[in-house]
């Protein structure tokens, strides 16, 4: 039986979910508050219902949801979906506070609803190959691993690099090593200077 999945958020990353689900024959609905963007998506995916609010999409009740909205909205939207006992994939970062992420995990357990986070790099063929090489012992004992980002990515005012990129790196390291870290340390630096007049 084909699942009916609704994507909330049709922006830069949400459109990838929309396209993939459409190709799989599972795209049932799209929700986005940007009316112009919603109409563009409606013309590209006429088989999908469209909603101009996430509440309307959640109240319509689909088999599952994908939340690809700005990070600061993930908690509230995820909470509404999980409270109905419906599976949801929330793009990373799941929330901007560890306590809120833990609350969503407990809510998912309470309502027996599957909660997933979009760690796309875990499915990358290169990462899978590295894991295979490590597990086979071809490079010997691991003593340390480090990762370096070579570009700044999308600059956002509501989240920093630890929310945008670190979840990917940490999930990949967890996957490769197969264990949780005993201790973590991080430091940051400010490379961009944004004039106060350009901030909202």
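Once both axes come from the Cα atoms, what is the angle between helix 166-177 and the longest principal axis of the chain, in degrees from 0 to 90, rounded to 10?
Computed tilt is about 60 degrees.
Show that you can apply the helix-only estimate: for the chain, add -39,500 (n - 2.57) for every DSSP H stretch of four or more residues, divide by all residues, and state [θ] at 222 nm to the nearest 500. Working shown, then result.
Working: 8 runs with 78 residues, N = 200.
Calculated from helices alone, the mean residue ellipticity at 222 nm is -11500 deg cm²/dmol.
Using alpha-carbon positions, what is the distance between the centroids of the stretch 1-51 and the stretch 79-146, in Å?
23
Can you tell me the order of 101-114, 24-37 when each peptide is scored by its average per-residue count of other Cβ atoms within 10 angstrom, highest first?
24-37, 101-114
Which angle between 0 and 90 degrees, to the nearest 10, do you get for helix 74-83 versus the longest principal axis of the chain when only C-alpha atoms count?
70
On a 0 to 90° scale, report how tilted helix 98-111 is relative to the longest principal axis of the chain, with both axes built from alpha carbons and the result rounded to the nearest 10.
60
Highest first, please rank the peptides 74-81, 130-137 by the mean number of other Cβ atoms sitting within 10 Å of their residues.
Taking the mean over residues of other Cβ atoms within 10 Å, the ranking is 74-81, 130-137.
Laboratory data are not the source of any read-out in this text; all were calculated from the coordinates shown. Keep in mind that this is a model prediction, so the values were computed, not measured. Ideal geometry is used to build each Cβ from the backbone, glycine not excepted, and the neighbour counts take in all protein chains shown.
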